[in-house]
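Here is the structure we will look at, set down as structure tokens.
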Amino acid sequence: MAESYRLATRALITAQKFGMRGVQDISSVGLRAAMVADTEVGKAMQTRYVGPLRDSGSAQELITTIDAYLECGMNVERAAKQLYVHQNTVRYRLARFEELSGCDIHDVEDLFGIWWALKYR
């Protein structure tokens, strides 16, 4: 019973932090529960993936673009529509993000780190 209570509490705290509505359990909050539990990893992901953008002058634009790209299932066309920009603008910004951060947006480990960094904000 104590384990069930602990997991339910963890799911509740995670759901509240991420603005998730409705009934949630630990499986529905997914990796977000780990993000809430281990803030040091979130800070490290921020430093690794977002930190290098800070001096670029276009950090917020690049962060918004990579966030939309991930939200749209890594679909450039859908991300462009969501951002109200041309597809080539999204491609350019993604390339610039890769250049500045030193990551590869087609690498699963990098994508996971980027996602974690963006959700940690």
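Of the numbered conditions (1) out of contact with any helix residue (DSSP H, G or I) (no Cβ under 6 Å at 6 or more places or on another chain); (2) surrounded by fewer than 19 Cβ atoms within 10 Å (Cβ to Cβ), residue 76 satisfies every one except a single condition; which is it?
(1)
Return the residue satisfying two criteria in turn: it lies in the range 92-120 and is more than 15 Å from residue 64 (Cβ to Cβ) and of a type in the set (D, E, K, R), and of such residues it is surrounded by the fewest Cβ atoms within 10 Å (Cβ to Cβ). Can you show your working first?
Filtering the range 92-120 for residues more than 15 Å from residue 64 (Cβ to Cβ) gives 95, 98-99, 102-104, 106-113, 116, 120.
Still in the list and also of a type in the set (D, E, K, R): 98-99, 104, 107, 109-110.
Details: 98: 17, 99: 12, 104: 11, 107: 12, 109: 9, 110: 17.
By that ranking, first place goes to 109.
Only one of 47, 89 is at pLDDT 75 or above, in a helix (DSSP H, G or I), of a type in the set (S, T, N, Q) and surrounded by 12 or more Cβ atoms within 10 Å (Cβ to Cβ). Can you tell me which? Write out each step before concluding.
On the way: 47 fails: surrounded by 12 or more Cβ atoms within 10 Å (Cβ to Cβ).
Criteria check complete, one pass: 89.
How many of the residues in the range 19-30 are loosely packed, with under 15 Cβ neighbours inside 10 Å, at pLDDT 70 or above and either of a type in the set (A, V, I, L, M, F, W, C) or within 16 Å of residue 117 (Cα to Cα) (or both)?
The qualifying residues number 1.
Given (1) in contact (Cβ under 8 Å) with a residue 12 or more places away in the chain; (2) more than 21 Å from residue 46 (Cα to Cα), where does residue 67 come up short, assuming only one miss?
Every condition holds for residue 67 apart from (2).
Tell me which of these residue 80 doesn't satisfy, since it passes every other one: (1) touching a His at 6+ places or on another chain (Cβ under 7 Å); (2) at pLDDT below 95.
Unmet for residue 80, out of (1) touching a His at 6+ places or on another chain (Cβ under 7 Å); (2) at pLDDT below 95: (2).
The values are calculated or read from the model by the stated rules, or taken from the named source; none is laboratory data. Remember, it's a predicted structure, so these values are computed and weren't measured experimentally. Cβ sites come from the backbone with ideal geometry, for glycine too, and all protein chains shown count toward neighbours.
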